[in-house]
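Read through the structure below, which is laid out as structure tokens, and then see the notes.
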Amino acid sequence: MDIVIRRARPEEYERVGEITAQAYLGDGLLDFGESDEYLGELRDVAKRAAAAEVLVATERDQVWGGVTFVPADGPMADIARPGEAEIRMLAVAPEARRRGVGEALVRACVDRARATEGCIRLVLSTQRTMHTAHRIYARLGFTRTPERDWNPIPHLDDLLLITYELTLQHTP
């Protein structure tokens, strides 16, 4: 696969939103399925793009995946602290999985974080069942940060998001 990572264009927002929503639904990551409130957030790429950088993975102008890169102190951050950027909503279309799309998107976020002045760390939250993503993070040098694990819906005891971080080495 000859993957190109770039900023999402407005005409691609619907496709990116559907890839993200379908990935979360198909992988059983939404507690309330089609009625889950978070589904609307996953589909609202325009809102994300207004507050962060939405990246897409393309091959011959076909969008195969997307991710939201939240720069240091960005309003879409869930867990980032000062000096940290955050990865959110990584998703790859089912037919493009296991072809390096997810890893290419994460690498692009790492590159952007390194290029962000004052950014010393890249952080993310993930669900316990996202084993393929966990392998990508480990391969790229991310480490688990159990002390930062959190629950976005406190009244649901079984929804614990686990966290990872990558300490950045800036190149001069």
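Points to keep in mind about this one:
- With every protein chain in place, the chain: carbon and sulfur % of accessible area (1.4 Å): 50 percent
- Charged neighbours of H134, selected by a Cβ distance under 14 Å, balance to 0 (K, R count +1; D, E count -1).
- Derived scalar couplings ³J(HN,Hα) [segment 62-67; Karplus, 6.51 cos²θ - 1.76 cosθ + 1.60; whole Hz; x for Gly, Pro]: 8, 7, 10, x, x, 7
- Of all beta bridges that DSSP places with both ends in the chain, some 85 percent have antiparallel geometry.
- Electrostatic bookkeeping for Y13 treats Lys and Arg as +1 and Asp and Glu as -1; over the other residues with beta carbon under 10 Å from its beta carbon, the sum is 0.
- GluC sites (Glu not before Pro) within segment 1-105: DSSP coil, no more than 12 neighbouring Cβ in 10 Å: E37
- Think of the chain as having a plus end and a minus end, set by charges on the Cβ of Lys, Arg, Asp and Glu; of T163, T143, V63, T143 sits farthest toward the positive end of this dipole.
- Each Cα pair under 8 Å and six or more residues apart adds its sequence gap; the mean of these over the residue count of segment 25-172 is a relative contact order of 17 percent.
- Sequence-distant contacts, meaning Cα pairs under 8 Å at least 6 residues apart, place the relative contact order of segment 42-81 at 34 percent.
- Rounded Å value of the spacing that divides the Cα centres of segment 30-76 and segment 78-104: 10 Å
- Taking amide H as placed 1.01 Å from N in the peptide plane, the amide H of G141 sits under 5 Å from none that are at least 5 places away or on another chain.
- Sequentially through segment 130-142, phi angles give Karplus couplings (6.51, -1.76, 1.60; θ = phi - 60°) of 7, 5, 4, 5, 4, 5, 4, 4, 5, 4, 8, x, 5 Hz, Gly and Pro residues having no value and appearing as x.
The values are calculated or read from the model by the stated rules, or taken from the named source; none is laboratory data. Because the structure is a prediction, the values reported are computed rather than measured. Note: ideal-geometry Cβ built from the backbone for every residue, glycine included; neighbour counts use all protein chains shown. With ligands, DNA and RNA removed, areas are computed over all heavy atoms of the protein, side chains included. Shrake-Rupley method; radii C 1.70, N 1.55, O 1.52, S 1.80 Å.
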